[in-house]
Amino acid sequence: MGSSMLTVIFDSLSRLVPLKPPAQDDLDLGLYRPLGAPRTHQGPLHNLSTSETNQARAIFLTLHMLFPHELLPALDLLDRRLVTKLIFEPFVPKPDNCAEAADREEQPAKVAETEDPAFSSAASHEIFYVQSASASASEKSTMSRYRSRYPKASMPSAYYEVQLDSWNCTCPAFSVSAFQCLDLGSSADAREQEDLGATTARGWEFGGTDTLKLGRVPSCKHILAAVLVKTAPRLFKDCFKDRVVTKEEIVAWGSGWGEFGGS
C-alpha cells in the first residue's frame, strides 16, 4: 500500500472527536454508572459516539492488518503517556524591537554563523520523544524496592527521538525495518508516481516529506505512536505530553538530558 493511501487512513482519525466527559458531580452521584460499580480507566475510544465508534473500529482494524506488530504496542505507549511532543516556534521580534533589530542587521557580523534549516522556517517544528516502555516498567519496579535519594540521576530513562518529516526513529527496531525496506527500493522507481498535491496541503505524509520513497515504508511502535498523536491530537489529547521549547531545550533533549528538565 502506498504512502498516500496510508496518509488518508491516518487522516481519517482526525475527524473523530471525543464526547464531552460527564461532570465530576454526576459521576459522584452515580448517574453514568451502576451503583456500587468501581470506577475504571477508559481510553479515548470509549468517549466516542456510536457512529464514530463503529468508524474508529473499522479504521483500527485496518491499521492492525497493516501493522500487526506495531499498532498495539503503539497504543500501549499512548495509554501509559510515554510520548512527549516538543514544539519549537521560531522567535519573531516584537514591533517595538524591529528598528533595533534592523540596526543590528546592518552591522557586519564578526563571525559568520550558519543557521540550521530546521529552525529557520517560519512554521513551527515538532519533535517527538518516546520513553522506552521496558525502561519505564523496570524503573518503577526498582523504585518500589529501593528508595533512592536521587532517583532521576541514578536511573535515567531511555528516550527515542522520532522525526516525522525525515521519517526516522533512533530505536533499533526502526533501523532493522529500514534495512529490510532497502531491498524493495528498486521497485519504487517502477511504481507510478503518487499525487503529492494533497500532501503539500496537509503538511505531512506517512513516510516523511523529506525522504526517498521506497517500496515499503519502515516503521516501529514509536514512530506509529507519534503518527497517531500527529493525526488525531483531539482523540489522544490525554495520552501524550506536549510543551513549547526553545532551541536550547531541543539540544538538551537531543543530548539525552531532556528527561531531567521536569517535563
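Taking the range 168-180 as the range and being buried (at least 16 other Cβ atoms within 10 Å of the Cβ) and over 23 Å from Ser134 (Cα atoms) as the test, no residue passes. Which one is modelled with the lowest pLDDT among residues in the range 241-263 that are crowded, with 16+ Cβ neighbours inside 10 Å and not small (Gly, Ala, Ser)? Among those residues, the one meeting the criterion is Glu259. Taken together, Val162, Val217 contain a single residue that is β-branched (Val, Ile, Thr), over 14 Å from the mean Cα position of the chain (by Cα) and at pLDDT 65 or above, which is Val217. Residue count for the range 68-80, restricted to those that are in contact (Cβ under 8 Å) with a residue 24 or more places away in the chain and closer than 13 Å to Leu228 by Cβ: 9. The range 5-124 holds helices (runs of 4 or more DSSP H) entirely within its bounds, and those carrying 2 or more residues that are over 28 Å from Glu161 (Cα atoms), modelled with pLDDT of 55 or more and not acidic (Asp, Glu) map to 50-66. Annotation note: of Asp195, Asp238, the sole residue that is modelled with pLDDT of 85 or more, assigned to a loop (DSSP other than H, G, I, E, B) and not hydrophobic (A, V, I, L, M, F, W, C) is Asp238.
The values are calculated or read from the model by the stated rules, or taken from the named source; none is laboratory data. Predicted model only: the values in this text are computed from it and were never measured. Using ideal geometry, Cβ is built from the backbone for each residue, glycine included, and neighbour counts are taken over all protein chains shown.
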